[in-house]
Amino acid sequence: MANDPEDISTKTTPTHSRYRIVMAALVLAGHLSVGLNVFAASPLLPLAIDDYDVNRATAGLLVALPLLVAAALGLPSGVLIARIGLRRAFIIGWTAVALVSLSGWAPNFTALVLLRSATGLGFAFILTATGPLLMQWFRPKEVTVMNALTTAALSLGIALSVATAAPLAELMDWQMALTIYALPGIAGLLAWLVLGRVSGGTPMTGAGISFREVWAVLRNRTVVILLAADAGILVQYAAFTGWLPTFYNEDRGISLSQAGFITGMLPLVGVFAVLAGGVIALRVASPRVLFVGSGMLAGLGGLGAFLLPGPALIYPAVVILGIGSWLYVPRLLTLPMEMSDMTPERVAVVWGSFLTFSGFAMFVSPIFVGGLRDLSGSFIPGLAIASAASWALLVAGFLLPRNVSEPSA
């Protein structure tokens with residue numbers, strides 16, 4: 001009689017084993033898949049406006065609603081993961097991304113928006129579960145490197161989709177182009193079901209986390225500063241990623257394909273910026289310098305991206321904006337793990353809170369800019385307000401404590 005196949009879904013692997021390379025590949029693939037889908041619709045908004053006869057604010061839901069879903073589920077998923085475990089959390093995340101592959105067959109605008117919202121569900125569970133998983137599988141310095149790599153994978157996915165969506169839509173229906181970007185989600189789900197394992201490192205207790213403990217984490221001064229800094233940057237990032245292609249096309253006379261390419265430089269530059277940020281984080285003990293420098297670049301680059309007149313000046317401004325928008329991220333994600341009394345459950349709450357607070361900001365931002373454009377006839381007021389929010393990162397650099405490992409109220 002043949003032996004039953006081995007069930008590796010609950011198999012415990014020794015801490016820091018070589019199998020962590022497989023787990024790293026799975027986590028990187030998850031972030032790449034989310035990145036491919038989260039902003040894929042932004043260069044296609046003019047096509048959605050024409051096909052469905054909707055205004056700009058309504059079309060913006062194709063970008064904004066997934067961010068709203070991610071925001072609404074970020075903190076709850078951080079709490080839930082402590083109970084359901086990391087394996088189930090990643091299964092939920094991968095399944096949600098895979099569902100977006102049905103976009104090509106959506107019968108109407110409402111159905112397409114609902115399918116797109118599944119990206120937010122996948123974003124919430126994959127991102128929030130990543131922090132505890134890294135704490136289980138990797139050494140402290142490796143965690144910083146992995147935070148840089150996962151963010152680079154997310155940024156690369158965004159860059160590829162934003163830069164190629166418009167050309168791809170010239171070869172097929174633009175809704176089918178959205179399906180193409182979701183296909184890696186199907187492959188990732190199958191890979192996780194076969195290869196996903198539980199580490200013997202810092203475990204999650206499975207007992208959950210109390211609301212009192214959640215509140216204690218959220219009222220920590222350092223956590224509050226980090227939440228405000230990240231939300232401010234992403235207000236600008238979501239508004240610019242969502243509307244710069246349309247702004248360049250309508251106000252600067254740039255073709256939609258070139259406008260999508262220019263905007264796609266934001267996450268493409270981010271791939272290299274987060275890797276540089278990871279290296280800097282390993283060499284510079286204090287995060288304050290990194291936050292101030294990154295905030296300065298994001299603020300100045302953001303102003304140039306919509307105020308400068310032509311491509312010759314827009315290109316360098318977008319590069320500077322891309323560097324500033326991503327350079328700080330590896331340090332941002334690592335800081336909660338360095339704080340006193342942090343457990344995998346609490347890190348999941350902090351990372352979920354990043355998604356909730358920043359996600360709500362990112363949801364409101366594209367709708368606000370699109371709505372203000374409809375009311376005023378110009379993108380400039382909305383983009384200027386979004387740009388002003390990005391300076392929160394620079395302010396946070398001055399407010400952060402010098403040593404986050406010390407207890408704070």
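With the checklist (1) part of a helix (DSSP H, G or I); (2) among the hydroxyl-bearing types (Ser, Thr, Tyr); (3) under 30 Å from residue 251 (Cβ atoms) in hand, flag the one item residue 378 doesn't pass.
(1)
Just wondering, is there one or more residues in the stretch 348-364 that are more than 24 Å from residue 63 (Cα to Cα) and modelled with pLDDT under 85?
Within the stretch 348-364, one or more residues are more than 24 Å from residue 63 (Cα to Cα) and modelled with pLDDT under 85.
How many residues are buried (at least 18 other Cβ atoms within 10 Å of the Cβ), modelled with pLDDT of 85 or more and not hydrophobic (A, V, I, L, M, F, W, C) if we restrict to the stretch 277-297?
Residues meeting the conditions: 5.
Scanning for something of a type outside the set (A, V, I, L, M, F, W, C) and either surrounded by fewer than 22 Cβ atoms within 10 Å (Cβ to Cβ) or within 18 Å of the chain's Cα centre (by Cα) (or both), does the stretch 225-232 turn up at least one residue? Steps first, please.
Applying the first criterion (of a type outside the set (A, V, I, L, M, F, W, C)) to the stretch 225-232 yields 230, 232.
Among the residues that remain, those that are also either surrounded by fewer than 22 Cβ atoms within 10 Å (Cβ to Cβ) or within 18 Å of the chain's Cα centre (by Cα) (or both) are: 230, 232.
Yes, the stretch 225-232 contains a residue that is of a type outside the set (A, V, I, L, M, F, W, C) and either surrounded by fewer than 22 Cβ atoms within 10 Å (Cβ to Cβ) or within 18 Å of the chain's Cα centre (by Cα) (or both).
Filter the stretch 87-117 down to the residues that are within 24 Å of residue 346 (Cβ to Cβ) and either more than 19 Å from the chain's Cα centre (by Cα) or not in a helix (DSSP H, G or I) (or both) and list them by number. So that I can check it myself, show each step before the final result.
If we filter the stretch 87-117 for residues that are within 24 Å of residue 346 (Cβ to Cβ), which is where we start, we get 87-93.
Hits for the stretch 87-117 are 87, 88.
Can you go through 402, 373, 346 and tell me which one is of a type in the set (Lys, Arg) and either within 16 Å of the chain's Cα centre (by Cα) or not in a helix (DSSP H, G or I) (or both)?
Values: 373 fails: either within 16 Å of the chain's Cα centre (by Cα) or not in a helix (DSSP H, G or I) (or both); 346 fails: either within 16 Å of the chain's Cα centre (by Cα) or not in a helix (DSSP H, G or I) (or both).
None of the others qualify; the one that does is 402.
Mind checking which residues of the stretch 163-195 are surrounded by fewer than 18 Cβ atoms within 10 Å (Cβ to Cβ) and of a type in the set (Gly, Ala, Ser)?
Correct list: 187, 191.
Being surrounded by 19 or more Cβ atoms within 10 Å (Cβ to Cβ), basic (Lys, Arg), more than 27 Å from residue 286 (Cβ to Cβ) and in contact with a helix residue (DSSP H, G or I) (Cβ under 7 Å, 6 or more places away or on another chain), is that true of even one residue in the stretch 371-382? Full working, then the answer.
In the first step, residues of the stretch 371-382 are kept if they are surrounded by 19 or more Cβ atoms within 10 Å (Cβ to Cβ); the result is 372-373, 379, 382.
Keeping just the survivors that are basic (Lys, Arg) gives 373.
With more than 27 Å from residue 286 (Cβ to Cβ) added as a condition, the list becomes 373.
Next, from what is left, pick out any that are in contact with a helix residue (DSSP H, G or I) (Cβ under 7 Å, 6 or more places away or on another chain): 373.
Among the residues of the stretch 371-382, at least one is surrounded by 19 or more Cβ atoms within 10 Å (Cβ to Cβ), basic (Lys, Arg), more than 27 Å from residue 286 (Cβ to Cβ) and in contact with a helix residue (DSSP H, G or I) (Cβ under 7 Å, 6 or more places away or on another chain), which makes the answer yes.
For the stretch 1-40, give me the residue count where each residue is at pLDDT 85 or above, among the β-branched types (Val, Ile, Thr), farther than 30 Å from residue 166 by Cβ and surrounded by 14 or more Cβ atoms within 10 Å (Cβ to Cβ).
So the count comes out to 1.
For the stretch 285-337: of the residues being touching a residue at least 40 places away in the same chain (Cβ under 8 Å) and not in a helix (DSSP H, G or I), which is nearest to residue 393 (Cα to Cα)?
328
Only one of 177, 165 is under 19 Å from the mean Cα position of the chain (by Cα), modelled with pLDDT of 85 or more and part of a helix (DSSP H, G or I); which? Spell out how you get there, then give the answer.
On the way: 177 fails: under 19 Å from the mean Cα position of the chain (by Cα).
After applying the criteria, what remains is 165.
Determine the pairs where a residue that is closer than 23 Å to residue 128 by Cβ, located within the stretch 357-369, has a partner that is surrounded by 24 or more Cβ atoms within 10 Å (Cβ to Cβ) and β-branched (Val, Ile, Thr) with Cβ atoms under 6 Å apart, the partner being 6 or more residues away or on another chain.
Close Cβ pairs (under 6 Å, with a partner that is surrounded by 24 or more Cβ atoms within 10 Å (Cβ to Cβ) and β-branched (Val, Ile, Thr)) amount to 361/235; 365/235; 366/63.
For the stretch 41-62, how many residues are within 22 Å of residue 171 (Cβ to Cβ) and either at pLDDT below 85 or more than 17 Å from the chain's Cα centre (by Cα) (or both)?
Within the stretch 41-62, the subset within 22 Å of residue 171 (Cβ to Cβ) is 41-52, 59, 62.
After this cut, where a residue has to be either at pLDDT below 85 or more than 17 Å from the chain's Cα centre (by Cα) (or both) as well, the list is 42-52, 59.
The qualifying residues number 12.
Mind listing whichever residues of the stretch 298-318 are under 20 Å from the mean Cα position of the chain (by Cα) and surrounded by fewer than 19 Cβ atoms within 10 Å (Cβ to Cβ)?
Correct list: empty.
List the residue pairs whose Cβ atoms are under 6 Å apart, where the first residue sits in the stretch 242-270 and is more than 19 Å from residue 326 (Cβ to Cβ) and surrounded by 24 or more Cβ atoms within 10 Å (Cβ to Cβ), the second is β-branched (Val, Ile, Thr) and at pLDDT 85 or above, and the two are 6 or more positions apart or on different chains.
243/369
The values are calculated or read from the model by the stated rules, or taken from the named source; none is laboratory data. Source: prediction; values computed, not measured. Here Cβ is always computed from backbone atoms with ideal geometry, including for glycine, and neighbour counts include all displayed protein chains.
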